[in-house]
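Everything on this sheet refers to the single structure shown next.
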Amino acid sequence: MHIEVMLMDNVKKLGKSGEIVKVAPGYFRNYLGPRGLASEVTEAAKRRLKKLEAERAARAAEEKKAALAVAKKLEGLSLTVSAPTTDGKKLYGAVSVSDLLAAIEAQRDVKIERSQFSLEESLREVGEYEAKIDLGHGVFAKCKITILDEQAQAE
């Protein structure tokens, strides 16, 4: 026996917000209901779902506006990092994402999470690289990274 419930939020392997699905009564009673992920199909639940969707849309619009503001701050970002090398080309170690995030924060006064920063390759040689910063809501910023030999810079 199954009951029909309306999902109030996206539930993995079950459905998206607003869908009406059939689930076992125990699954609804013990998991979906207490967590606010679903409710019984009623007019009040439909009104509550509309209100939740309106709030989510407003929040998403604000977050996108904030992401666009950060993207504007990061526009034309270019980082230069000096690192010790073995032969003038290969680095002793690698330039880490943490180093780059600290440099961005110092240069542009913007805090970026590690998960937002993506490199196509590891930074183990002197040269120029590009990184992509995912600010969420489809907003991206590009960052140009130049790695120089520490010894050649000192001379």
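No lab work stands behind these numbers, since they all come straight from the coordinates. This one's a predicted model, so the numbers in the text were calculated from it and none came from an experiment. Quick reminder, even Gly has a Cβ in these numbers, built from the backbone with ideal geometry, and neighbours come from all protein chains shown.
Kirkwood hydrodynamic radius of the range 51-126 from all distinct Cα pairs, in Å? Don't skip to the end; give the middle numbers.
Working: mean 1/r = 0.0668 Å⁻¹.
Mean inverse Cα-Cα distance, inverted, gives 15.0 Å.
Were the residues from E75 through K46 laid out at 0.36 nm apart, the gain over their Cα-Cα distance would be 6.2 nm. Under the combined filter of DSSP loop state and at most 13 neighbouring Cβ atoms within 10 Å, the range 52-155 retains these trypsin sites (Lys or Arg not before Pro): K89, K111.
Per residue, the convex hull around the alpha carbon atoms of the range 3-64 comes to 80 Å³. Rounded to the nearest 0.05, the FRET efficiency derived from the C-beta distance between A61 and S118 at R0 = 35 Å is 0.90.
Placing unit charges on the Cβ atoms of the charged side chains and taking the dipole of the chain about its Cα centre, the candidate lying farthest along the positive direction among L77, L49, V11 is L49.
Each Cα pair under 8 Å and six or more residues apart adds its sequence gap; the mean of these over the residue count of the range 1-73 is a relative contact order of 28 percent.
In the range 78-150, taking the dipole from charged Cβ atoms about the Cα centre, the farthest positive-side position among A106, V139, G88 is held by V139. Counting lysine pairs in the range 26-130 that sit 8 or more residues apart in sequence, or on different chains, and whose Cα atoms lie under 28 Å apart gives 12.
The lysines within cross-link reach of K13, meaning a Cα-to-Cα straight distance under 18 Å and a gap of 8 or more places when in the same chain, are K22. Defining a contact as two alpha carbons under 8 Å apart and six or more residues distant in sequence, what relative contact order in percent does the chain show? So the answer I get is 20 percent. All C-alpha to C-alpha distances of the range 1-154, sorted into 10 Å bins beginning at zero, yield P(r) values of 10, 27, 18, 16, 15, 10, 4, 0 percent in whole numbers. In the chain, helices alone account for a calculated mean residue ellipticity at 222 nm of -10500 deg cm²/dmol, with every DSSP H run of four or more residues adding -39,500 (n - 2.57). Backbone geometry of the range 71-82 corresponds, through the Karplus equation with coefficients 6.51, -1.76 and 1.60 at θ = phi - 60°, to 3J(HN,Hα) couplings of 4, 5, 5, 8, 4, x, 5, 9, 10, 10, 10, 9 Hz, x marking Gly and Pro. Protection proxy ranking for 79-85, 14-20, using the average of other Cβ atoms within 10 Å per residue and placing the highest first: 79-85, 14-20.
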